[in-house]
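Engineer: Take a look at the following structure, please.
Values quoted throughout were computed directly from the atomic coordinates according to the rules given, and no laboratory measurement underlies them. Since we're looking at a predicted model, the values are computed, not measured. Cβ placement follows ideal geometry from the backbone for every residue including glycine, while neighbour counts extend to all protein chains displayed.
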Amino acid sequence: MKKVIFVLALSMGITSLLNAQKYFTKEGKIHFFSATTVENIEATSNTATCVLDAATGDVEWSVLVKGFKFEKALMEEHFNENYMESNTFPKATFKGKADLSSVNLKKDGTYKTKVSGDLTIHGVTKPISTDATFTVAGGKITSDSKTYVNPKDFNITIPAAVKEKISDKIEVTVNATLAELKK
Amino acid sequence: MKKFLWIALILLVAGLGFAAYLWNKPHRTADDEKPVAMLTADALFMEFSANDAASNAKYLDKVVEVSGVVNTIGKNDANETKIALATSDMLAEVSCIIKEGEKTDGIASGTNIVIRGICNGYNTDVELRQAVISK
């Protein structure tokens, strides 16, 4: 009986240790940039949420569309009302996995790897795969990645009148400084 | 013919003027509108946490006035002032991005405050934008 309790306690101890591996931020930064010969359009959110499981590589991102700040109020309105329809689709999310086969997030260092998963924008989900750099230092994990998004893939209709103004390859840069989630 | 040209010119200038106004118009802020609701930061969080869809229907893109205690006040990467109000949850806050030019002197962690902002929705925090301090 004593042996059973000991083994049970040991396994529970290991489990709780494994659980203390989630890294989190609610101040993640997502910046998108559309470059055309006519004009450049860009916006940034500084309130994206990211959770990373350092043991499994599971990573999730979530951001409120209305949190993207444009310099021009008119652009921000068009973005929300006409393109993203953010009253109907208030969030954009990513759910995927970082390939940790050659990455040790418990050890300080800089690691380049691939992150793959499902990106959901404007209610449409598409699989994506992107390169990412993880930097481990001082107990925090910094994540940096860049990907390209075509609005058409997400049923975002650009009216013919402004087609020349919006790129079909929008650069999306994602940064997060993740701290260990202690619950 | 001359009269027609003058009218066309006036319309053109008016049109360009209107376009310039649209191009440079200020961001909508919570200062310009009456709130659709006035409640505690915790009450707003609890509503969103219980039913995101119903709360969005009620508050999304609308001006909400929240009262609460300041957890943190600081500037974000975009140099905007952000005031986070406490909720009953350890992790969740009502996060308010204060509109440009609004005075926030004397506000510190622990201050009781009333803030009016436009609701962006709920995602870990309930987020308000273009917020002003209620007098």
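Engineer: What do you get for GluC sites (Glu not before Pro) in the range B:1-73 restricted to DSSP loop and a cutoff of at most 15 other Cβ within 10 Å of the site's Cβ?
Structural biologist: Here the sparse-neighbourhood loop sites are B:Glu33.
Engineer: In the range A:28-88, if every C-alpha pair distance is counted and binned at 10 Å from zero, what percent goes to each bin?
Structural biologist: All Cα pairs considered, the percentages come to 20, 44, 24, 11, 1.
Engineer: Something else now. Report, as an integer, the average count of C-beta atoms from other chains found within 10 Å of each Cβ along B:117-129.
Structural biologist: If you average over the peptide's residues, the count of other-chain Cβ atoms is 5.
Engineer: Among B:113-124, B:11-22, A:72-83, B:76-87, how do they line up by average Cβ neighbours within 10 Å per residue, starting with the highest?
Structural biologist: By packing density, highest mean first, the sequence is B:113-124, B:76-87, A:72-83, B:11-22.
Engineer: Now for a separate question. For the range B:55-79 and the range A:20-90, what is the centre-to-centre distance using only Cα atoms, to the nearest Å?
Structural biologist: 17 Å
Engineer: Here's a follow-up. Any idea what angle helix A:2-19 forms with the longest principal axis of chain A, computed on alpha-carbon atoms, 0 to 90 degrees, nearest 10?
Structural biologist: Helix A:2-19 sits at roughly 20 degrees to that axis.
Engineer: Work out the FRET efficiency for B:Glu100 and A:Lys106 from their Cβ-Cβ distance, taking R0 = 45 Å, and round it to the nearest 0.05.
Structural biologist: 0.60
Engineer: Please check: in the Gaussian network model of chain A (C-alpha springs, under 10 Å), which one of A:Leu64, A:Leu119, A:Leu52 has the largest mean-square fluctuation.
Structural biologist: Between A:Leu64, A:Leu119, A:Leu52, it is A:Leu64 that shows the largest mean-square fluctuation.
Engineer: Kyte-Doolittle cut-off -1.0, length cut-off 18 Å along the helix's own axis using Cα: show which whole DSSP H helices in chain B pass.
Structural biologist: Sorted by number, the helices that extend far enough and score high enough are B:2-24.
Engineer: Just to confirm a number: summing +1 for Lys and Arg and -1 for Asp and Glu over residues other than A:Val174 whose beta-carbon lies under 12 angstrom from that of A:Val174, what do you get?
Structural biologist: Here the count lands on -1.
Engineer: With runs of 4+ DSSP H residues as the only contributors, calculate the mean residue ellipticity of chain A at 222 nm using -39,500 (n - 2.57) per run, divided by the residue total and rounded to the nearest 500.
Structural biologist: -4000 deg cm²/dmol
Engineer: Sticking with this structure for a sec: For chain B, modelled as a Gaussian network with Cα springs under 10 Å, which listed residue fluctuates most, B:Lys103, B:Lys75, B:Lys25?
Structural biologist: B:Lys25
Engineer: Ratio of the protein assembly as shown's C-alpha Rg to 2.2 N^0.38 Å, to two decimals?
Structural biologist: Dividing the Cα radius of gyration by 2.2 N^0.38 Å gives 1.18.
Engineer: Fewest Cβ neighbours within 10 Å first, please rank B:Ser49, A:Ser129, B:Ser95 accordingly.
Structural biologist: Fewest-to-most Cβ neighbours within 10 Å comes out as A:Ser129, B:Ser49, B:Ser95.
Engineer: Could you tell me what percent of the DSSP beta bridges with both partners in the range B:30-133 are antiparallel, to the nearest 5?
Structural biologist: Percentage antiparallel, nearest 5: 75.
Engineer: To check you understand DSSP bridge types, tell me what percent of the beta bridges within the protein assembly as shown (both residues inside) are antiparallel, rounded to 5.
Structural biologist: Taking every DSSP beta bridge within the protein assembly as shown, about 90 percent pair in antiparallel fashion.
Engineer: Taking the Cβ of A:Glu81 as the centre, find all other residues whose Cβ is under 13 Å away and add up their charges (Lys, Arg: +1; Asp, Glu: -1).
Structural biologist: Here the count lands on -2.
Engineer: Let me ask something else. Mind pulling the per residue volume of the convex hull built on the Cα atoms of the range A:54-139? Å³ is fine.
Structural biologist: For the range A:54-139, the hull spanned by Cα atoms encloses 119 Å³ per residue.
Engineer: Another one. For the range A:22-180, take every pair of Cα atoms, bin their distances at 10 Å starting from 0, and report each bin as a whole percent.
Structural biologist: P(r) for the range A:22-180, in whole percents per bin: 11, 40, 31, 15, 3, 0.
Engineer: Now, a different point. First check a/c for the range B:23-89, with a ≥ b ≥ c the square roots of the eigenvalues of its C-alpha gyration tensor; if it is under 1.5, answer rounded, and if not, answer prolate when a/b is larger than b/c or oblate otherwise.
Structural biologist: oblate
Engineer: In nm², what is the average projected area of the convex hull enclosing the Cα atoms of the range B:30-133?
Structural biologist: 6.0 nm²
Engineer: Okay, moving on. In the neighborhood of B:Asp77, defined by Cβ-to-Cβ distances under 12 Å, what is the net charge if each Lys or Arg adds +1 and each Asp or Glu adds -1?
Structural biologist: My count for the surroundings of B:Asp77 gives +2.
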